[in-house]
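Accompanying notes for the structure given below.
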Amino acid sequence: MKKILIGILASGLCTAALAQDWPTRPLRVLVGFAPGGTTDVSARLTADVLSRELGQTVLVENRPGGSGSIAIEALMRSAADGYTLVVGSDSSFYQPVVNPRLPYRADRDLTPITILVNQPIIIAVHPAPGWRSIADMLKAARARPGEVAYAISSPTGTQALAGLLFFQMAKVKLTAVPYKGGGQAVVDLMSGQVPIAVLGAGPLVPLARAGRIKLLAVTSKNRSQALPDVPSLAELGYPQMDIVQWFGAMAPAGTPAPIVNRLSAAYNKALADPKLAQRLFNAAVEVAGGSAEDMAKRMKIEIAIWAKAAKEAGLGRR
């Protein structure tokens, strides 16, 4: 028994020493979507500050596809040593709900670090059709069932879910056009290739302020503090609509707790930077933060809610 206790104590001291010396080389952050969307922007903005906190370069690598699942699968093939992380949207971690064939399960294969940011999902339109309100847009779509397209950042993400649920509630048929990230989707919205988009705030807000697109509504229950002039769908007659999106950092399962805690603390310090918070707020993206335990608790509650909503909307069956 004495030898066992000594072994346990020695193991704990080694782990603590490892975390104290860590990191000794650059870190890699995988992003499951193309450049330009909120996942990519939040990963890159926090990486700059994270690098200063940890004293090592933090490299951001885009691995788009599979609604974020390709990056997560790449993470699973990495060592659980804290040198490879993933920043993903809430729905990328919940993808096995709509595609059980995926090889990962968030609660089994991933270790939460922290939730970085929250953002409203916005229904935006190109100015050319002249739609000034949700009512205008729906009227036009009802006149041409199935002919009007809308862009989404992935086929089975939170934005896809928000679009499906809303258009079902409105009893109107539109055609979803999925992309490999909001950055790609917003390019086609801006050019008029697609007249409508259901996307996160990050890539939309700068274009709206430049007059290139128009924001019609947010899918959260209340208006965004950063977008006080944009109504919520709830106040427009759809009280059941209350969908927001978050983005968080994860490590592979088995990453030592002292390293996870150090990463979480570094990310939270980065999120507390006033300049970073203002840059995010300017894009209607709000700083979240919190402990790894907070993130794990939120995911446990949300995955059941997300699974129910996805099933009711028929997400993944289209």
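The values are calculated or read from the model by the stated rules, or taken from the named source; none is laboratory data. Keep in mind it's a predicted model, so treat the numbers as computed, not measured. Virtual Cβ from ideal backbone geometry, glycine too; neighbours counted across all protein chains shown. Just the protein is used for accessible areas: all its heavy atoms, side chains included, with ligands, DNA and RNA removed. Shrake-Rupley method; radii C 1.70, N 1.55, O 1.52, S 1.80 Å.
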Checked segment 165-223 for anything among the polar types (S, T, N, Q) and in a helix (DSSP H, G or I); matches are Gln168, Gln184, Ser191
Every listed condition ((1) open to solvent by 10 Å² or more (accessible area, probe 1.4 Å); (2) among the hydrophobic types (A, V, I, L, M, F, W, C); (3) modelled with pLDDT of 90 or more; (4) under 21 Å from the mean Cα position of the chain (by Cα)) holds for Ala283 save (3)
Restricting segment 231-253 to residues that are open to solvent by less than 20 Å² (accessible area, probe 1.4 Å) and within 19 Å of Gly82 (Cα to Cα), the one nearest to the chain's Cα centre (by Cα) turns out to be Phe247
Subset of segment 21-46, residues surrounded by fewer than 21 Cβ atoms within 10 Å (Cβ to Cβ), in contact with a strand residue (DSSP E or B) (Cβ under 6 Å, 6 or more places away or on another chain) and in a helix (DSSP H, G or I), comes to Arg44
When (1) within 30 Å of Trp246 (Cα to Cα); (2) at pLDDT below 90 are applied to Glu53, the one that fails is (2)
- If you go through segment 252-272 one residue at a time, do you hit one that is within 20 Å of Gly36 (Cβ to Cβ), of a type in the set (A, V, I, L, M) and in a helix (DSSP H, G or I)? no
Note: among Pro228, Pro195, just one is over 20 Å from Ala170 (Cβ atoms) and either surrounded by fewer than 24 Cβ atoms within 10 Å (Cβ to Cβ) or at pLDDT below 95 (or both), namely Pro228
Margin query: Against the condition within 22 Å of the chain's Cα centre (by Cα) and closer than 22 Å to Leu315 by Cα, how does Ser224 come out, does it pass?
Written below: no
Is it true that Ile196 is hydrophobic (A, V, I, L, M, F, W, C) and within 19 Å of Gln119 (Cα to Cα)?
-> yes
Flagged pairs (Cβ under 7 angstrom, 6 or more apart or on separate chains; first in segment 288-316, farther than 23 Å from Pro258 by Cβ; second in a helix (DSSP H, G or I) and among the polar types (S, T, N, Q)) are Ala313/Gln168
Among helices (runs of 4 or more DSSP H) completely within segment 63-151, the ones holding 2 or more residues that are buried (at least 24 other Cβ atoms within 10 Å of the Cβ) and at pLDDT below 95 are 90-94
Restricting attention to segment 289-318, the residues that are more than 25 Å from Ala270 (Cα to Cα) and open to solvent by 40 Å² or more (accessible area, probe 1.4 Å) number exactly 12
Taking segment 198-214 and keeping only residues that are buried (at least 22 other Cβ atoms within 10 Å of the Cβ) and under 20 Å from the mean Cα position of the chain (by Cα), one is left with Val198, Leu199, Gly200, Ala201, Gly202, Pro203, Leu204, Val205
